[in-house]
Amino acid sequence: MMYKQALIVIDLLYDFVNPNGAVYHENNEKLLPKVSQLITQAREEDTLIIFMRHSHRAGKYDPKTLTGRKNCLEGTGGDELAPSLPVDEAKDYILKKRRYSSFVGTDLDLILREHDIKKVLICGTKTNNCVRSTVEDAYHLGYDTVVVGDCVATDKPEVNEIYLYDINRYYGQVISSEELFN
């Protein structure tokens, strides 16, 4: 199948979206219905769907697990996709990542190039970390980059807005989900 574009869904995982998660933020949980709707719409528009899972190796050296709150550890369930997301395991890609950027240490770029994707749509969490890093790398790799502004979040709305402003100014376009497919 030929796809027009790809939707990269970043880190909508148990530890971020569930009140019992290690680094839960209410803003992330609120994204789930809107992102689920976005995924459904994207499929209707011949969009390749790629889910990114921040995942740290349990019991093995990983510098990220040496400081701060431990989260998204393999085997804990913290790195599992939110069950409300409409994942089609037969068609969608689900990739693990160990760094903020979805491109570093994964085969995301290879998958996009194999499908001749030129345009990436990005949603998920956290705008100031994993979303921003992925956007910057997509820009540097030459992708037409669009962030779905009402489908990204971080801990504080004002931080979210600052990063969306910066992304829109330097790295790509920020548009709403309503604007995206109309």
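The values are calculated or read from the model by the stated rules, or taken from the named source; none is laboratory data. From a predicted model like this one, the values you see are computed outputs, not experimental measurements. Counting neighbours? That spans all protein chains shown, and the Cβs are built from the backbone with ideal geometry, glycine included. Surface areas here come from the heavy atoms of the whole protein model, side chains and all, with no ligands, DNA or RNA. Shrake-Rupley method; radii C 1.70, N 1.55, O 1.52, S 1.80 Å.
Among residues that are surrounded by fewer than 16 Cβ atoms within 10 Å (Cβ to Cβ) and over 17 Å from C130 (Cβ atoms), G105 is not included. Being touching a residue at least 24 places away in the same chain (Cβ under 8 Å) and part of a loop (DSSP other than H, G, I, E, B) is a property that A22 has.
Restricting attention to the range 1-37 and to residues that are closer than 22 Å to N71 by Cα and among the small types (G, A, S), the residue that is most open to solvent (accessible area, probe 1.4 Å) turns out to be A22. Here T40 meets the list (1) over 15 Å from the mean Cα position of the chain (by Cα); (2) crowded, with 20+ Cβ neighbours inside 10 Å; (3) β-branched (V, I, T) almost entirely, failing just condition (2). Does the range 45-88 hold any residues that are surrounded by fewer than 17 Cβ atoms within 10 Å (Cβ to Cβ), charged (D, E, K, R) and at pLDDT 95 or above, and which are they? Across the range 45-88, the qualifying residues are E80, D88. When R113, R98 are checked against the criterion of being open to solvent by 10 Å² or more (accessible area, probe 1.4 Å) and either of a type in the set (A, V, I, L, M, F, W, C) or touching a residue at least 40 places away in the same chain (Cβ under 8 Å) (or both), a single residue qualifies: R98.
Restricting the range 129-145 to residues that are open to solvent by 40 Å² or more (accessible area, probe 1.4 Å) and part of a helix (DSSP H, G or I), the residue that is modelled with the lowest pLDDT is N129. Close contacts from the range 31-55, counting a first residue that is under 15 Å from D88 (Cβ atoms) and a second that is open to solvent by 10 Å² or more (accessible area, probe 1.4 Å) and in a helix (DSSP H, G or I), with Cβ to Cβ under 6 Å and a gap of 6+ residues or different chains, come to L38/S177.
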